[in-house]
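Novice: Shown below is the structure under consideration.
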Amino acid sequence: MTNVNIRNMLGLREVVNVSGTMTGLGASIAVPEVAEAMSGILPQFVEINDLQRKASAVIARLTGAEAGFVTASCSAGITLAVAGCMTQDNLAAIERLPDTTGLKNEIIVQMGHVVSYGAPVDQAIRITGAKPVLIGQATSAFEHHLEGAINERTAAAVYVVSHHVVNYGLLELTRFAEICHARNVPVIVDAASEYDLRGFLEAGADVVLYSGHKFLGGPTSGIVAGPKEMVRNTFLQNAGIGRGMKVGKESIYGAMAALEAWERRDHAAIRAREKSYLDLWREALGAYGGVSAVIEADPTHNPLDRLRVTIDPTVAHITAWDLVDALARGNPPVIARDHEVEHHYFYLDPCNLHPGQEEVVAKRLGEELDKARASNEIIATSLSDRNRRRFDTLRRWPD
Ligand SMILES: *Cc1c(COP(=O)(O)O)cnc(C)c1O
């Protein structure tokens, strides 16, 4: 496999990804159709705006929207869509951003949606010059918060669909959109890692944004879909703040190929394969005291289950985070999904494995749990040191 050779050649670790689609690991396995499309178009000249017209047709067909285009990332999509709602098609205003003088410049977001997907949601809004107006509190937002925040300076509202956001006490999309639309405020939905390409528009989103490199298995890219005029105003930002977020022909065409491959994908077969991985791991972990493994549905209802592995350190002789770290240090490194590890559990995500890697994961889990069982002491390092180490390492880059 060429990808293995590339990693050897460069001296990169051959990571096994059971954490999901993570930017820090290279996002996802691009499907073969994508690799072929990208290498096919790279040597050729194209008129980019014509290529984007073709992308618009594919996006429209798959999402049910009127139009669409491909940008650098979903994060770029948030920025460009917000900018489009402020400038409309005023080319001079587009060049003036982030100076928003004379424009509507307030963007409403529920406080519980202001999360980090690797960078803060509100920063993607602020870099346009817009002012995020946070409504409600971290774990609650009511209709009166939204109604009270809309005024003549409101340019748009941003709604985030994600396992990262607070999952109770906030306004659901349909009602959020109704309230916004009653006052002519467009709704931008960040659905970066959601599988549903139609439901958010049907629920009232105006513009919806996806990542091309997450479940779609495309190149690093973002997909914008919505009504023609809003998509156009978003697209026009490429002559302004969108310039630094540009995509080339290869990513536009790669994202088109990803969407078309998604349409043809045998989703039921993939689900069955993933289920067999979860069963394998659950069975392997069943042999260990202090370890419980349950299959859990995706929190935002994507058709994807994960294995939640809870560790009782007093019985298993290791904490959940020390186990995750031992797996990551191993050969090959196995990277688990550890956002919530302080609660003594982590997840194994089956959606980004190459055939055979499920066995590697089962074997490595067994090896580390055997080691812990044989240890006289409980392997328990400080969680706050662990978090600090992560940022210390980052700050030393490229060393
Ligand atoms: C991943 C993610 C993003 C960022 O997507 P990119 O395409 O990587 O920029 C934005 N929002 C949410 C909710 C995400 O999960």
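Novice: What pairs come out if I take residues in the range 326-345 that are more than 17 Å from residue 383 (Cα to Cα) and pair them with residues that are open to solvent by less than 20 Å² (accessible area, probe 1.4 Å) and of a type in the set (Val, Ile, Thr) whose C-beta lies under 6 Å away, six or more apart or interchain?
Specialist: If the second residue must be open to solvent by less than 20 Å² (accessible area, probe 1.4 Å) and of a type in the set (Val, Ile, Thr), the pairs left are 332/16; 334/16; 334/361.
Novice: Here's something else I'd like to know. Those residues that are in contact (Cβ under 8 Å) with a residue 60 or more places away in the chain and under 15 Å from residue 135 (Cβ atoms), I need them from the range 91-125; list them, please.
Specialist: 108, 110, 121 - these are the residues of the range 91-125 that are in contact (Cβ under 8 Å) with a residue 60 or more places away in the chain and under 15 Å from residue 135 (Cβ atoms).
Novice: Another question, then. Determine which member of the set 303, 332 is assigned to a loop (DSSP other than H, G, I, E, B) and open to solvent by 40 Å² or more (accessible area, probe 1.4 Å).
Specialist: Step by step, each of 303, 332 is checked, and only 303 is assigned to a loop (DSSP other than H, G, I, E, B) and open to solvent by 40 Å² or more (accessible area, probe 1.4 Å).
Novice: Regarding residue 123, is this residue within 16 Å of the ligand (Cβ to nearest atom), assigned by TED's automatic domain parsing to the domain that holds residue 203 and open to solvent by 10 Å² or more (accessible area, probe 1.4 Å)?
Specialist: yes
Novice: So, in the range 77-97, of the ones that are of a type in the set (A, V, I, L, M, F, W, C) and within 21 Å of residue 195 (Cβ to Cβ), which residue ends up nearest to the chain's Cα centre (by Cα)?
Specialist: Selected residue: 78.
Novice: While we're on this one: Is there any pair with a first residue in the range 348-374 that is within 17 Å of residue 308 (Cβ to Cβ) and a second that is part of a loop (DSSP other than H, G, I, E, B) whose Cβ atoms are under 7 Å apart and which are 6 or more apart or on different chains, and what are they?
Specialist: The qualifying pairs are 349/19; 349/20; 351/20; 351/304; 369/288.
Novice: Can you tell which of 52, 88 is open to solvent by less than 50 Å² (accessible area, probe 1.4 Å) and touching a residue at least 24 places away in the same chain (Cβ under 8 Å)?
Specialist: 52
Novice: Another one. Need pairs with beta-carbon distance below 7 Å; first residue in contact (Cβ under 8 Å) with a residue 60 or more places away in the chain and within the range 204-227, second of a type in the set (Asp, Glu) and within 8 Å of the ligand (Cβ to nearest atom); sequence gap 6+ or separate chains.
Specialist: 209/190
Novice: Right, next: Return the total of residues in the range 193-218 being in contact with a Lys or Arg (Cβ under 6 Å, 6 or more places away or on another chain) and among the acidic types (Asp, Glu).
Specialist: 0
Novice: Based on this model, can you work out whether residue 34 counts as surrounded by 15 or more Cβ atoms within 10 Å (Cβ to Cβ), within 17 Å of residue 329 (Cα to Cα) and modelled with pLDDT of 95 or more?
Specialist: It is false that residue 34 is surrounded by 15 or more Cβ atoms within 10 Å (Cβ to Cβ), within 17 Å of residue 329 (Cα to Cα) and modelled with pLDDT of 95 or more.
The values are calculated or read from the model by the stated rules, or taken from the named source; none is laboratory data. Remember, predicted model here, so these are calculated numbers, not experimental data. Glycine gets a Cβ as well: all are built from the backbone with ideal geometry, and neighbour counts include every protein chain shown. Just the protein is used for accessible areas: all its heavy atoms, side chains included, with ligands, DNA and RNA removed. Shrake-Rupley method; radii C 1.70, N 1.55, O 1.52, S 1.80 Å.
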